[in-house]
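Quick note: the coordinates plus some simple rules give every number you see, no bench work behind them. What you see is a predicted model; the values in this text were computed from it and never measured. Cβ placement follows ideal geometry from the backbone for every residue including glycine, while neighbour counts extend to all protein chains displayed.
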Amino acid sequence: MNRPPCRCLLRETGAGYAETVYRYIENLPAEEKTGPEEYRKRLAVCVACRYLRDGLCTACGCFAEARAAKKRMHCPMGEERW
Ligand code: SF4
């Protein structure tokens, strides 16, 4: 049965490729990675955002968790978000 897209992170979608994305995040060099507290804050903004669909940021096409995991990246809708 198909379900409608949800405003949720990849980990909540049950998508088969989620593991690959999480492995990618895990293997980011430490110096490029967002700190845990900042990461948590970024994802809290994403889950409240209308552009999040099934873990994907529809504003930029990135997996939100992967984008947020990179320190140098910002929200495509403005740095005031994160
Ligand atoms: S990265 Fe920005 S635009 Fe994309 S889902 Fe997160 S808060 Fe929304």
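Summary of computed values
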| item | result |
| --- | --- |
| 5 angstrom amide H check on Thr34, placed H, neighbours 5+ away | Lys70, Lys71 |
| CD proxy at 222 nm, helix term only [per DSSP H run n ≥ 4: -39500 (n - 2.57); per residue of the chain; nearest 500] | -9000 deg cm²/dmol |
| Inter-probe distance in nm under a simple model that places probes 7 Å from Cα toward Cβ, at Arg81 and Cys60 | 0.9 nm |
| Alpha-carbon spread of segment 5-82, three principal axes, descending order, Å | 34, 30, 20 |
| Pairwise label distance in nanometres, Thr20 with Cys8, each label 7 Å out on the Cα-Cβ vector | 2.1 nm |
| Local electrostatic count, Thr13, Cβ distance below 14 Å [Lys/Arg +1, Asp/Glu -1] | 0 |
